[in-house]
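The values are calculated or read from the model by the stated rules, or taken from the named source; none is laboratory data. As the structure is a prediction and not an experimental result, all values here were calculated from the model. Cβ placement follows ideal geometry from the backbone for every residue including glycine, while neighbour counts extend to all protein chains displayed. Heavy atoms of the whole protein, side chains included, go into the accessibility calculation; ligands, DNA and RNA do not. Shrake-Rupley method; radii C 1.70, N 1.55, O 1.52, S 1.80 Å.
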Amino acid sequence: KNEVEQSPQNLTAQEGEFITINCSYSVGISALHWLQQHPGGGIVSLFMLSSGKKKHGRLIATINIQEKHSSLHITASHPRDSAVYICAVNSGNQFYFGTGTSLTVIP
Amino acid sequence: DGGITQSPKYLFRKEGQNVTLSCEQNLNHDAMYWYRQDPGQGLRLIYYSQIVNDFQKGDIAEGYSVSREKKESFPLTVTSAQKNPTAFYLCASSIRQTRTAPYEQYFGPGTRLTVT
């Protein structure tokens, strides 16, 4: 069983659409991370959340600790948002990763 | 510029050869990690090191070896014993701002290894 489950696996959207990616986890965590991986492979951290909600530009991340669930929202999606989005949780000094959501935004 | 460097970006080897992937960080982070990424799977932990001269096996350590002689460097050797070595390999380091804060992880650009 995976400690972190993401949905959907693949997502195609028209430019301008509102996008939601979901993440559920089963372990106790100190933080949840949303990561972005572009073609070519490099991974960058978008958010680190322990509670509540964070916003950065068109990206919003929320977490519900009681329900062990997080969502990543992208408002007014753009083709440059096309990437793989990975949910990861931090439990102690270990990290557990979801399988990623591959997002394609069509102009 | 602080960060993690991995070299080379692409690596090709013949089956039966050992190969070493480089990972260097100048972030002064104590903890370093090696992950393997395969299509359709999440990152899987190969080895991690919390301090110089100490490292721990992850979930898929068989066929791999590491060393941590310097804080900045955490090279990974893919041995001929690794049955399916073709994959994308990511090195990472982590730090926490206080003793009770969560760890923040930083990733290198990755090395794509192809073994034929």
Practice prompt. Indicate the residues belonging to the range B:70-116 that lose 50 Å² or more of solvent-accessible heavy-atom surface (probe 1.4 Å) upon moving from the chain alone to the assembly of all protein chains, ignoring ligands and nucleic acids.
Written response: B:102, B:103, B:105, B:107
Discussion item. For chain A, what does the accessible surface come to per residue with a 1.4 Å probe? Please give it in Å².
Written reply: 46 Å²
Discussion item. With a 10 Å cut-off between alpha carbons and a GNM built on chain B, which of B:49, B:80, B:22 moves the most?
Written reply: B:80
Response to the item:
Those residues in the range A:70-107 that give up at least 20 Å² of accessible surface, probe 1.4 Å, once the partner protein chains are present instead of the chain by itself are A:90, A:93, A:94, A:95, A:97, A:99
Worksheet, complete the sentence: Summed over the other residues with a beta carbon less than 10 angstrom from that of residue A:76, with K and R at +1 and D and E at -1, the charge totals -2
Response to the item:
Taking B:24, A:15 and ranking on accessible area (1.4 Å, protein atoms only), highest first, one gets A:15, B:24
Worksheet, complete the sentence: Restricting to Cα pairs under 8 Å and 6 or more apart, the percent relative contact order of the range A:1-61 works out to 23 percent
Item to complete: May I ask you to derive the relative contact order of the range B:62-108, considering only C-alpha pairs under 8 Å and at least 6 residues apart, and to give it as an integer percent?
Response: 27 percent
Response to the item:
At q = 0.13, 0.23, 0.26, 0.28 Å⁻¹, the log10 of I(q)/I(0) for the range B:53-93 from a Debye sum over equal Cα scatterers comes to -0.29, -0.88, -1.07, -1.19
Worksheet item: Of all accessible surface on the protein assembly as shown at a 1.4 Å probe, what whole percent is carbon and sulfur?
Response: 48 percent
Discussion item. Please list, short to long, the whole-number percent of alpha-carbon pairs of chain B in consecutive 10 angstrom bins beginning at zero.
Written reply: 15, 48, 30, 6, 1
Worksheet item: Roughly how many whole Å is it from the C-alpha centroid of the range A:1-59 to that of the range B:16-89?
Response: 24 Å
Practice prompt. Go ahead and set up a Gaussian network model of chain B, Cα springs under 10 Å, then flag whichever of B:43, B:76, B:90 fluctuates most.
Written response: B:43
Worksheet item: When only Cα pairs under 8 Å and 6 or more residues apart are kept, what is the percent relative contact order across chain B?
Response: 34 percent
Practice prompt. Mind ranking A:61-69, A:41-49 by how tightly packed they are, going by the mean number of other C-beta atoms within 10 angstrom, highest first?
Written response: A:41-49, A:61-69
Worksheet entry | Spherically averaged projected area of chain A from its Cα convex hull (nm²) | 6.4 nm²
Discussion item. Which lysines, if any, have their Cα less than 16 Å from the Cα of residue B:83, not counting same-chain residues under 8 positions apart?
Written reply: B:14
Discussion item. Could you tell me how many cubic angstrom of Cα convex hull volume the protein assembly as shown has per residue?
Written reply: 129 Å³
Item to complete: Multiply the residue separation of residue A:20 and residue A:54 by 0.36 nm, subtract the distance between their alpha-carbon atoms, and state the gained length in nm to one decimal.
Response: 10.8 nm
Worksheet item: Counting only protein heavy atoms and rolling a 1.4 Å probe, how much accessible area do B and A lose on contact, total for both sides, in Å² to 100?
Response: 1600 Å²
Worksheet item: Can you tell which of B:102, B:85, B:75 shows the greatest fluctuation in a Gaussian network model of chain B with Cα springs below 10 Å?
Response: B:102
